[in-house]
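Asker: Submitted below is the structure of interest, expressed as C-alpha cells.
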Amino acid sequence: MESESAVGDIRITGLDMDGSHLEWAFTDVTADSFTWTGRTSTDGVSHWRVEQRMQGRRRIPEPDA
C-alpha cells in the first residue's frame, strides 16, 4: 500500500488479493466531517468503479453523568 496527502485529502492505493488496483480516498476533510470513497480498477487504472462511499461526522462526546 502507498499513501499520499494533498491539500487535506488522503489517498491510499495498492493491489487487492485478486490483483486489481484499489484506492481508498478521504476527501472533503474538515474539522468535523469527511468523505471516504473506496474504488477498484481491473484494467490497470484506466477505469475506476466506486465500491463504497461514506460520509462521516465527528461525534460530540456525551457529557459525563
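Asker: Residues of the range 12-30 being under 18 Å from M54 (Cβ atoms) and exposed (fewer than 11 other Cβ atoms within 10 Å of the Cβ), which ones?
Answerer: The one that is under 18 Å from M54 (Cβ atoms) and exposed (fewer than 11 other Cβ atoms within 10 Å of the Cβ): T30.
Asker: Let me ask something else about it. One residue is enough: does the range 44-57 have a residue meeting the conditions in contact with a Gly (Cβ under 6 Å, 6 or more places away or on another chain) and either surrounded by 15 or more Cβ atoms within 10 Å (Cβ to Cβ) or of a type outside the set (K, R) (or both)?
Answerer: For the range 44-57, residues in contact with a Gly (Cβ under 6 Å, 6 or more places away or on another chain) and either surrounded by 15 or more Cβ atoms within 10 Å (Cβ to Cβ) or of a type outside the set (K, R) (or both): present.
Asker: May I pose another question? Here is a check on your reading of the model: is D9 acidic (D, E) and either loosely packed, with under 12 Cβ neighbours inside 10 Å or at pLDDT 95 or above (or both)?
Answerer: no
The values are calculated or read from the model by the stated rules, or taken from the named source; none is laboratory data. Keep in mind it's a predicted model, so treat the numbers as computed, not measured. Reconstructed Cβ throughout: ideal geometry from the backbone, glycine too, with neighbour counts over all protein chains shown.
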